[in-house]
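**Student:** Quick one: structure below, then a few questions.
The values are calculated or read from the model by the stated rules, or taken from the named source; none is laboratory data. Quantities reported herein were computed from a predicted structural model and do not represent experimental measurements. No Cβ is skipped: glycine too gets one built from the backbone with ideal geometry, and neighbour counts run over all protein chains shown.
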Amino acid sequence: MPVVEPTPITLVKMLFPPALIAPQGNAPTPLAFETTGALVNAPSCARTLVLGALLASVADAADIVYAVTNEKGKNRAERANDKYYAGIVATPGAVFVKLCDRIANVQYGKMTGSGMYDKYKKENDNFIIKLGYDDTNTHEYFEMFVYLVNLFKD
């Protein structure tokens with residue numbers, strides 16, 4: 001049987017389905033990876049960091065965590081400034097992890113009616129451009145960008 005490597009968007013859908021982010025009652029979750037089963041009810045950022053660690057070496061994971069850690073600042077714009085985004089884009093694997101984190105947070109915000117959903121929606125055009133998105137379908141994570149954009153469609 002041939003080994004099929006999942007695409008980045010397939011990994012996102014497997015690791016961050018709505019039922020995983022906000023399970024109902026005692027219903028089993030669809031999480032397929034036993035190694036992350038303990039994180040079913042953990043915040044999305046913890047699952048994202050575990051995902052990054054599963055996909056990269058320890059040294060690479062440390063670089064990714066450093067890259068996706070916000071700068072100091074008094075507000076969201078100061079914390080996620082140009083230097084912050086440049087560091088993400090320059091670090092292999094960091095764009096993937098940041099997209100996973102944002103997708104999980106948007107799904108959760110949408111499902112719970114959180115005010116963060118509206119903040120993410122307002123920020124999204126700038127967010128995806130800063131991470132390297134363009135509409136030419138040439139970005140390595142183009143499908144993930146499209147998936148994120150589509151989460152905001154009503």
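**Student:** What residue, of Ala67, Ala104, Ala53, Ala61, is at pLDDT below 60, part of a helix (DSSP H, G or I) and either surrounded by 14 or more Cβ atoms within 10 Å (Cβ to Cβ) or in contact with a Lys or Arg (Cβ under 7 Å, 6 or more places away or on another chain) (or both)? Full working, then the answer.
**Tutor:** Details: Ala67 fails: at pLDDT below 60; Ala104 fails: at pLDDT below 60; Ala61 fails: at pLDDT below 60.
Unique residue meeting the criteria: Ala53.
**Student:** Is segment 74-81 home to any residue that is under 15 Å from the mean Cα position of the chain (by Cα) and either at positive phi or outside any loop (DSSP other than H, G, I, E, B) (or both)?
**Tutor:** No: zero hits.
**Student:** For segment 122-140, does any single residue satisfy the condition of being free of Cβ contacts under 8 Å to residues at least 24 places away in the same chain, part of a helix (DSSP H, G or I) and buried (at least 17 other Cβ atoms within 10 Å of the Cβ)?
**Tutor:** Within segment 122-140 (the criterion being free of Cβ contacts under 8 Å to residues at least 24 places away in the same chain, part of a helix (DSSP H, G or I) and buried (at least 17 other Cβ atoms within 10 Å of the Cβ)), the answer is yes, since at least one residue qualifies.
**Student:** Further question: Suppose we keep only residues that are within 20 Å of Ala61 (Cβ to Cβ) and of a type outside the set (Gly, Ala, Ser) within segment 78-92. Which one would you say is surrounded by the fewest Cβ atoms within 10 Å (Cβ to Cβ)?
**Tutor:** Looking at residues that are within 20 Å of Ala61 (Cβ to Cβ) and of a type outside the set (Gly, Ala, Ser), I get Pro92.
**Student:** Please specify each residue of segment 100-147 satisfying the condition of being over 17 Å from Ala67 (Cβ atoms) and of a type in the set (Gly, Ala, Ser).
**Tutor:** Hits for segment 100-147 are Ala104, Gly109, Gly113, Ser114, Gly115.
**Student:** Tell me, yes or no, whether segment 111-120 has at least one residue that is among the acidic types (Asp, Glu), assigned to a helix (DSSP H, G or I) and either over 28 Å from Asp60 (Cα atoms) or at pLDDT below 90 (or both). It would help to see each step written out before you state the result.
**Tutor:** Going residue by residue through segment 111-120, those that are among the acidic types (Asp, Glu) are 118.
Pick out the ones that are also assigned to a helix (DSSP H, G or I) and you get 118.
Filter once more, so that each one left must be either over 28 Å from Asp60 (Cα atoms) or at pLDDT below 90 (or both): 118.
There is at least one residue in segment 111-120 that is among the acidic types (Asp, Glu), assigned to a helix (DSSP H, G or I) and either over 28 Å from Asp60 (Cα atoms) or at pLDDT below 90 (or both).
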